[in-house]
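Written out below as structure tokens is the structure these notes cover.
The values are calculated or read from the model by the stated rules, or taken from the named source; none is laboratory data. Since the structure is predicted, the reported quantities are computational estimates derived from the model, not experimental observations. So basically every Cβ, Gly included, is an ideal-geometry build from the backbone, and we count neighbours across all protein chains shown.
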Amino acid sequence: MKILFATLALALFAAPPAAAAEPPAKPELSIRTLDGKTFNLADHKGNWVILNFWATWCSPCIKELPELSRFVSAHKNVRAIGLAYEDTEVDEIRAFLAKHPVSFPIAQVDTFDPPKSLEVPRGLPTTYLIAPDGSIAKKFTGPIDEAALRTATGIKD
């Protein structure tokens, strides 16, 4: 009996920890934007797509929004969606965007039910760069700028 218990305990505690759930190689996202339209990631295949989790209370997020807007506006083959990852009223997000306009659509993400095909952000901002083939090219945790996006996409100005 002692040998059975020792073997079972060894098997339980010596087993490697389960790997954290990785996002799929080609994530799916279909979400209603604040302007009432639907942003469907699959519709943007053939373009680079920036999926940016942010919040109105996040200073680094606020700082990077103009950088993201400029990058998207400057490149015809780049799209973006801002994913407001916060539990607040939509009108508050709209008021924020009136003061901090962006060149891409914004959707509010339910913090209790985020998109299933992406990791739950562990910090903000969190940005996924989706390659033209629909795969995740890079994940950034923390603020990014145009230079980081140029490097990651290989787009030259």
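Would you check if L51 is crowded, with 19+ Cβ neighbours inside 10 Å and out of contact with any Leu (no Cβ under 9 Å at 6 or more places or on another chain)?
On the way: crowded, with 19+ Cβ neighbours inside 10 Å: yes; out of contact with any Leu (no Cβ under 9 Å at 6 or more places or on another chain): no.
No.
Among the residues of region 68-86 satisfying the criterion of being under 15 Å from T33 (Cα atoms) and not aliphatic (A, V, I, L, M), which is surrounded by the most Cβ atoms within 10 Å (Cβ to Cβ)? Break it down into steps so the answer makes sense when it comes.
Step one: filter region 68-86 for residues under 15 Å from T33 (Cα atoms), giving 79-86.
Imposing the further condition that a residue be not aliphatic (A, V, I, L, M) reduces the set to 79, 82, 85-86.
Numbers: R79: 20, G82: 28, Y85: 21, E86: 20.
Applying the filter and picking the extreme gives G82.
So E89 ticks every box in (1) within 30 Å of K156 (Cβ to Cβ); (2) surrounded by fewer than 12 Cβ atoms within 10 Å (Cβ to Cβ) but one. Which box is left unticked?
That leaves (1) as the condition not met.
Yes or no, residue by residue, for (1) of a type in the set (F, W, Y); (2) surrounded by 14 or more Cβ atoms within 10 Å (Cβ to Cβ); (3) in contact with a Ser or Thr (Cβ under 6 Å, 6 or more places away or on another chain):
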{"residue": "G123", "(1), (2), (3)": "no, no, yes"}
{"residue": "Y128", "(1), (2), (3)": "yes, yes, no"}
{"residue": "D133", "(1), (2), (3)": "no, no, no"}
{"residue": "E146", "(1), (2), (3)": "no, yes, no"}
{"residue": "T151", "(1), (2), (3)": "no, no, no"}
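Can you list residue pairs whose Cβ atoms sit under 7 Å apart, with the first residue in region 98-124 being modelled with pLDDT of 95 or more and the second being surrounded by fewer than 13 Cβ atoms within 10 Å (Cβ to Cβ) and assigned to a strand (DSSP E or B)? Count only pairs 6 or more apart in sequence or on different chains.
Between residues of region 98-124 that are modelled with pLDDT of 95 or more and residues that are surrounded by fewer than 13 Cβ atoms within 10 Å (Cβ to Cβ) and assigned to a strand (DSSP E or B), the close pairs are A107/R32.
Taking the conditions exactly as written (modelled with pLDDT of 95 or more and either β-branched (V, I, T) or out of contact with any Gly (no Cβ under 8 Å at 6 or more places or on another chain) (or both)), does L129 satisfy them or not? Full working, then the answer.
Values: modelled with pLDDT of 95 or more: yes; either β-branched (V, I, T) or out of contact with any Gly (no Cβ under 8 Å at 6 or more places or on another chain) (or both): yes.
For L129, the condition - modelled with pLDDT of 95 or more and either β-branched (V, I, T) or out of contact with any Gly (no Cβ under 8 Å at 6 or more places or on another chain) (or both) - is met.
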